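Participant: Handing you a structure now.
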Amino acid sequence: MVNGLDYPINDEELIEIRYQTRDKVDEFNALGARQVAEKDSLIRKIFGQVGHNVHFEKGMRIDYGINTTFGDNVFINFNFVLLDCAPVCIGNNVFIGPDVQIYTAQHPLDCDLRREHIGSAQPVTIGDDVWIGGGCIVLPGVTIGAGSTIGAGSVVTRSIPKGVVACGNPCRAVRRVD
Ligand SMILES: CC(=O)SCCNC(=O)CCNC(=O)[C@H](O)C(C)(C)COP(=O)(O)OP(=O)(O)OC[C@H]1O[C@@H](n2cnc3c(N)ncnc32)[C@H](O)[C@@H]1OP(=O)(O)O
């Protein structure tokens, strides 16, 4: 799964990891905004690695968690959806707006194979100092370069270079930021 090869989605070990992650995420989403220490402790159990000062608002939905790492000073707004069947690396000083979805998961385009519940996955990397506007969808295999901003509502189908403003569907760089 994490190495990009096809895998059976309903493998028992994977189902159990997903159950455990969902239990912890439900616990997180039930906490109040002031329960800062409890929230911090839980995110360290949900994800593979979490730096200092990493904040999530309520409503996150996480597939595995263990495949994802966060740097320091990361802010993630409401309703974050993360399908981390392959590694997801989120750098330092990253801002993620509400309703952002990051997908690593793919299914075969051949419907006979798809019916067999086969999956594959490609990693996603979000560089340092990236801001992803609300409602964006980041697709499998994408890297967003350091310092770039992704406009609200974008669908990021291809990697984005560092130091640009990019937006739209498909998301494309529209200018450099100096
Ligand atoms: C961490 C958090 O919680 S964030 C909170 C949620 N906030 C957001 O999601 C806001 C995200 N901000 C945006 O999307 C902004 O539009 C930005 C940052 C991408 C661009 O800001 P600016 O550089 O000031 O761009 P500006 O508003 O001047 O627009 C430049 C052009 O890009 C277009 N544009 C701007 N944003 C977008 C967008 N999201 N999608 C498509 N086109 C866009 C504008 O229409 C304009 O086009 P035009 O010249 O043809 O009229």
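The values are calculated or read from the model by the stated rules, or taken from the named source; none is laboratory data. Treat the numbers as computed from the prediction; the structure is a model and nothing was measured. No Cβ is skipped: glycine too gets one built from the backbone with ideal geometry, and neighbour counts run over all protein chains shown.
Participant: Looking only at region 88-102, which residues are near the ligand (Cβ under 9 Å from one of its atoms) and part of a strand (DSSP E or B)?
Facilitator: Phe95, Ile96
Participant: Taking strands (runs of 3 or more DSSP E) that fall entirely within region 109-178, which contain at least 3 residues that are within 19 Å of Ile90 (Cβ to Cβ) and in contact with a Gly (Cβ under 9 Å, 6 or more places away or on another chain)?
Facilitator: Values: elements: 118-121, 124-126, 164-167, 172-176.
Result: 124-126.
Participant: Just checking, which of Gly134, Gly127, Gly141 is within 15 Å of the chain's Cα centre (by Cα) and under 17 Å from Asp63 (Cβ atoms)?
Facilitator: Values: Gly134 fails: under 17 Å from Asp63 (Cβ atoms); Gly127 fails: under 17 Å from Asp63 (Cβ atoms).
That would be Gly141, the only listed residue that is within 15 Å of the chain's Cα centre (by Cα) and under 17 Å from Asp63 (Cβ atoms).
Participant: OK, next. If we scan region 59-72, do we find a residue that is touching a residue at least 24 places away in the same chain (Cβ under 8 Å) and more than 19 Å from Ile126 (Cα to Cα)?
Facilitator: Yes, because at least one residue in region 59-72 is touching a residue at least 24 places away in the same chain (Cβ under 8 Å) and more than 19 Å from Ile126 (Cα to Cα).
Participant: Which one is surrounded by the fewest Cβ atoms within 10 Å (Cβ to Cβ) among residues in region 70-87 that are outside any loop (DSSP other than H, G, I, E, B) and of a type in the set (A, V, I, L, M)? Steps first, answer last, please.
Facilitator: Taking region 70-87 first, the residues outside any loop (DSSP other than H, G, I, E, B) are 70, 74-76, 81-83.
Then keep just the ones that are of a type in the set (A, V, I, L, M); that gives 74, 76, 81-83.
Details: Val74: 22, Ile76: 22, Val81: 15, Leu82: 26, Leu83: 21.
Going through the qualifying residues, I end up with Val81.
Participant: Cβ-Cβ under 8 Å, sequence separation 6+ or interchain: first residue in region 123-149 and at pLDDT below 95, partner of a type in the set (Ser, Thr, Tyr) and buried (at least 19 other Cβ atoms within 10 Å of the Cβ). Which pairs?
Facilitator: none
Participant: Working only within region 40-58, note down all residues that are out of contact with any helix residue (DSSP H, G or I) (no Cβ under 6 Å at 6 or more places or on another chain) and surrounded by fewer than 20 Cβ atoms within 10 Å (Cβ to Cβ).
Facilitator: Listed by number, the residues that qualify are Asp40, Ser41, Arg44, Gly48, Gln49, Gly51, His52, Asn53, His55, Glu57.
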